[in-house]
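A.B. asks: The structure's right below; bear with me while I get my questions together.
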Amino acid sequence: MISESPELGLRHAEAVLGRVLLSPEWLPPGTRVDRWEVVARLGAGGYGTTYSVRRAGRPQGRLYALKLSRRPGERWFAREAELLTRVRHRSVVRLSTYGVWRLGPVEHPYLVMEYVEGESLYEWALARNPTARQVTGLLVQVLEALAAAHREGALHRDFKGDNVLVAPDGKVKVLDWGAGWYAGAPVLTATARLPPGSPRYYSPQLFMWRVLSERRPGASSPYAYSVADELYAVGVTFYRLLTDQYPAAQWGMPREASEPHGLRSVRNLNPYVPEELSEALMRLLAFEPERRPESTALLADELRQRLVDVGPAWNAPLFDWRERTASGSRTTLEAEEVRGPVMPGQEVALRDARVRHLEAVRRLREARELRRRDPAKVAAAEARSLRAIQARVCGGRSHPLFWGAFAVLLVGPLVAGFTVWGLRRAVVHEEPPQAVSGARNVQQMAPRPGPEEARRPSTGTSPPVPFPQEKEAMTPPSPQQAAVIPTPARSGTLKRCSAAVGAAVLTACTGAQVRPDASRCPTGSLEAMRKLGLNKGGGASVYTDVTQPGLGSEKLIVHDGPIVSLVIQQYGNLPEGTRLYGRLWTGEGRVTGRYTKAELPDGSIYPVCFVYGNHDGGEWVEGSKPGAVRMPRTFAYTVVHEFP
Ligand SMILES: Nc1ncnc2c1ncn2[C@@H]1O[C@H](COP(=O)(O)OP(=O)(O)OP(=O)(O)O)[C@@H](O)[C@H]1O
């Protein structure tokens, strides 16, 4: 029998606990990792497991994502931390901190990143029936994220749809930079000469290099992964998203002159994809690296500008809707199966041909199934996004009444103070209001280029206006505000303060069913609408509720509360495909509504003042009752300068 000192026994027990009870791969909720407390396990990847966490002792605090290394001392973590520190971009997941967690006698590196609420790019596309505009909007964001890395001399090297999260508001975050590289990065493995990406995303050059190097082990130096390889991986991702197959699946297929490498174009596989988008993706997938776009940033700019003025094909769903087949109808398989007499000696050949045929039909049917979208699932996904957006606009975890009181008691006097200060300064300096409002325009308006700017080369650096702005458009009128246009320096503060008061006054997030009083459209919204070329009284058609897909001629039921409508007719610079965020009130006999935010298909957001229908809203259709009103699926919005 071996006798152990108490200290050794303790260490041993600690090690057992660490290794057996607390595996870094399965930390139960509540586990402390340094000052972070595990909320849930999000999933596991090649190097580690990711958890949602909060700061310990802050049960209502913000969520973060903590990626914990599976193996002690994993060196890819330092690489990822270094890359995320170098590459700061709105579409790259943000690193908060990193460290090493001691679990028993071993040390596991970890990274703490912003928590991104969203779905992977592929999940996003499967749960929706996106338009070419939306997909291109995502492609542009992805390219901009990678361009930011390339500017820093860094490469992601494992780009794929699974490493891209799409938030409910359509913003993209590129994750998983652990396989990345930057100039001067230390060599982490002496033996592996292939970059650590996924083979389906390998460019033809990388693929051929791999085949050759397997035949001649030790003959060559490590593969020099380049921007051209990264661009190819982006092409593969969007090719898969739009056609439900990988380009590699077509290698070895019979070739035609028009498809020199046997790669059928995106449009050939999915005719709903506009020619230009298909061409852009096929350029990314060009066999010769020198035929791929010169740079990620240039392609992003080109596509962003292309989105400014596109035809209706860009706003149509990219996939067929799934229809229920009539009961008793025969399947393609049964209909196409070959039967009848067989020539002597042909049985085996016929049987093989039949097996091959059935297999081909099965694969085709699977692909067709994937390329059809289920209206119920799409509606559910849209509803999920809407709820998430609302939760965020309403502050999510905080109690609205608390913030309402906070705004009225604390921020209200601040607004008054600023306003009086503003008045005094305006009097003292005699600033010409027009010039001031013009300066503000440049700094505060969303980045989408108007027709004029669209012709100029874009720098691609202007960030979209941050999402939650509904509160801003709810600013109640005040005599002082009506008289003073704030100066650029303090307009942001003033806007935020007044927004908070507005939110409190109207209890927009508390689910109040009472229509608020008439109110003047905030200055910021008026400026935004002027910039968009939207005149008072103008308007266009909308699809009333994005969460209720269906034929335009059919009716739908609307309720009191938040609504997201889809613009289906261009007016001014507000294109088709724009989403309008607002609220409906079903009232008595009429539905009224206010939209306070417009999200353009390129992701830029503008505060606006629109009403649903005309000033009186829309009349109930027969069969309606308060709280559940039948309305036409397509309706209209009207631009107002005052909410009635
Ligand atoms: N910052 C984040 N916010 C929210 N979810 C995240 C975040 N980072 C990762 N996840 C999710 O956690 C899960 C696990 O991610 P992880 O990076 O550990 O592995 P993976 O991406 O699935 O695999 P691999 O790293 O091998 O490609 C994934 O579902 C991913 O979407």
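The values are calculated or read from the model by the stated rules, or taken from the named source; none is laboratory data. The shown structure was predicted, so the numbers you read here are calculated from the model rather than taken from an experiment. With ideal geometry, Cβ positions are generated from the backbone for all residues, glycine too; neighbour counts draw on all protein chains shown. Just so you know, the surface numbers come from the protein's heavy atoms only, side chains and all, with ligands and any DNA or RNA stripped out. Shrake-Rupley method; radii C 1.70, N 1.55, O 1.52, S 1.80 Å.
A.B. asks: Can you work out the accessible area per residue across region 525-639, with the rest of the protein chains kept in place, probe 1.4 Å, in square angstrom?
C.D. replies: Per-residue value: 35 Å².
A.B. asks: Sticking with this structure for a sec: Mind running the shape call on region 31-114? Use the C-alpha gyration tensor, a ≥ b ≥ c as the square roots of the eigenvalues: rounded below 1.5 for a/c, prolate if a/b tops b/c, oblate otherwise.
C.D. replies: Oblate, because a/c is 1.5 or more while a/b does not exceed b/c.
A.B. asks: I want to check the label-to-label distance for residue 302 and residue 22. Put each point 7 Å from Cα in the C-beta direction and report it in nm to one decimal.
C.D. replies: 5.3 nm
A.B. asks: Also, quick follow-up: Quote the relative contact order of region 31-114 in percent (integer), defining contacts as alpha-carbon pairs under 8 Å separated by 6+ residues. Provide the component values of the computation, followed by the final result.
C.D. replies: Working: 151 pairs, mean separation 20.9, N = 84.
Contact order relative to length: 25 percent.
A.B. asks: Carbon and sulfur atoms: what percent of the 1.4 Å accessible area of region 525-639 do they account for?
C.D. replies: 49 percent
A.B. asks: How much of residue 41 can a 1.4 Å solvent probe reach, expressed as accessible area in Å² and rounded to 10?
C.D. replies: Roughly 80 Å² of residue 41 is accessible to a 1.4 Å probe.
A.B. asks: For 75, 157, 372, what's the largest-to-smallest order of accessible area, 1.4 Å probe?
C.D. replies: Descending accessible area places them as 75, 372, 157.
A.B. asks: Given a 1.4 Å probe and heavy atoms of the protein chains only, how would you sort 26, 36, largest accessible area at the top?
C.D. replies: Ranking 26, 36 by accessible area, largest first, yields 26, 36.
A.B. asks: Could you tell me the accessible area of residue 276 in Å² (1.4 Å probe, neighbours in place), rounded to the nearest ten?
C.D. replies: Residue 276 exposes around 80 Å² with every protein chain in place.
A.B. asks: Subtract the Cα-Cα distance of residue 517 and residue 221 from 0.36 nm times their separation in residues, and report this length gain in nm to one decimal.
C.D. replies: Gain on extension, residue 517 to residue 221, equals 99.3 nm.
A.B. asks: Here is a further query. Hey, which of these cross-link pairs are over 28 Å Cα-Cα: 377/531; 173/555; 67/597; 555/597?
C.D. replies: Where the Cα-Cα span goes over 28 Å, the pairs concerned are 377/531; 173/555; 67/597.
A.B. asks: Figure the gain on full extension for residue 316 and residue 387 (residue separation times 0.36 nm, minus the Cα-Cα span) and round it to one decimal in nm. Write out the running numbers ahead of the final one.
C.D. replies: Working: separation 71, 0.36 × 71 = 25.56 nm, distance 2.43 nm.
Extra length from residue 316 to residue 387 when fully extended: 23.1 nm.
A.B. asks: Here is a further query. Normalised by the residues of region 517-593, what does the relative contact order come to in percent, with Cα pairs under 8 Å and at least six apart?
C.D. replies: For region 517-593, the relative contact order is 26 percent.
A.B. asks: Same structure, new question: Measuring with a 1.4 Å probe in the full set of protein chains, what accessible area per residue, in whole Å², belongs to region 119-315? Present the calculation step by step, with values, prior to reporting the outcome.
C.D. replies: On the way: 8070 Å² over 197 residues.
Here the residues of region 119-315 average 41 Å² of exposed surface.
A.B. asks: Just report the Cα centroid separation between region 586-644 and region 273-289, whole Å.
C.D. replies: Between the Cα centre of region 586-644 and that of region 273-289, the gap is 40 Å.
A.B. asks: Another question, then. Expected output is a single nm value to one decimal: the length gained when fully extending between residue 590 and residue 536, i.e. 0.36 nm times separation in residues minus the C-alpha distance. What is it?
C.D. replies: 17.2 nm
A.B. asks: Please work out how much accessible surface residue 96 shows to a 1.4 Å probe, ignoring ligands, DNA and RNA, in Å² rounded to 10.
C.D. replies: 60 Å²
A.B. asks: Where the accessible area of region 119-315 is counted over protein heavy atoms with a 1.4 Å probe, how much of it, in %, is carbon and sulfur? Show your work: numbers first, answer last.
C.D. replies: Values: 4410 of 8070 Å².
The value for region 119-315 is 55 percent carbon and sulfur by accessible area.
A.B. asks: Between residue 106 and residue 295, with labels modelled 7 Å along Cα→Cβ, what's the label distance in nm to one decimal, could you check?
C.D. replies: In this crude label model, residue 106 to residue 295 measures out at 4.5 nm.
A.B. asks: Work out the FRET efficiency for residue 212 and residue 554 from their Cβ-Cβ distance, taking R0 = 60 Å, and round it to the nearest 0.05.
C.D. replies: Efficiency computed from Cβ-Cβ geometry: 0.50.
A.B. asks: Further question on the same structure: Evaluate the distance, in nm, between pseudo-label points positioned 7 Å from the Cα of residue 358 and of residue 380 along their respective Cα→Cβ axes.
C.D. replies: In this crude spin-label approximation the distance works out to 3.2 nm.
A.B. asks: Let me ask another. Classify region 525-639 as rounded, prolate or oblate, taking a ≥ b ≥ c as the square roots of the eigenvalues of its Cα gyration tensor: rounded when a/c is under 1.5, otherwise prolate if a/b is larger than b/c and oblate if not.
C.D. replies: prolate
A.B. asks: Between residue 628 and residue 94, what FRET efficiency follows from the Cβ-Cβ distance if R0 is 60 Å, with the result rounded to 0.05? Mind dumping the intermediate values first?
C.D. replies: On the way: r = 42 Å, r/R0 = 0.70.
Efficiency for this residue pair is about 0.90.
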